[in-house]
C-alpha cells in the first residue's frame, strides 16, 4: 500500500490498511533475514566442502543446515501464529503464499545441497 489515501476507506479502515502494511513489511524483513542466514550458511558449507570433501563432514554440515532450517521454520510458525491472531483472512492467504514461496526456495536450496553432495560422493 502507499501512503496516499485510498478513496472509499474510512479512517479506521485506512489505519488497519497501514497497520497490515507495516506488519507485512516487518514479516518480509524477517523472512529476508532468514533467507540471508541460510544463504550464508550454504556458502560456508560450500567452502567447507571444497576444503574437506569426505562424506562424514558433508553429512555433519547437512544435519547442521537441516537443524537451522528447522529452527527457522519454527520461528516462522511462531510469527505466523502471532500474525494470524491479528490479520484478516485475505491478508492471511497472502502470508500463506509468501510462506509457501519461501518454503519452495528453501527446498530448492536443500535440493541443490543434496545434488552437490551426490556429485562429491566418491
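Each reported figure results from applying straightforward, stated rules to the coordinates on display, with no laboratory input. Quantities reported herein were computed from a predicted structural model and do not represent experimental measurements. Heads up, the Cβs are rebuilt from the backbone with ideal geometry, glycines too, and the neighbour counts pull from every protein chain shown.
Quick notes
- Approximating the spin labels as points 7 Å out from Cα along Cα→Cβ, the residue 40-to-residue 81 distance works out to 2.7 nm.
- Average Cα contact separation per residue, segment 11-120, under 8 Å, 6 or more apart, as relative contact order %: 36 percent
- Approximate spin-label separation residue 110-residue 48, in nm, with each point projected 7 Å along Cα-to-Cβ: 1.8 nm
- With the alpha-carbon atoms of segment 11-120 aligned to their principal axes, the span from lowest to highest coordinate is 62, 18, 18 Å, starting with the largest.
- Packing-based order for 11-21, 34-44, using average beta carbon neighbours within 10 Å, highest first: 34-44, 11-21
- In this calculation the C-beta distance from residue 12 to residue 32 is compared with R0 = 35 Å, giving a FRET efficiency of 0.70.
- Sequence of 93, 23 once ranked by neighbouring C-beta atoms within 10 Å, starting from the fewest: 93, 23
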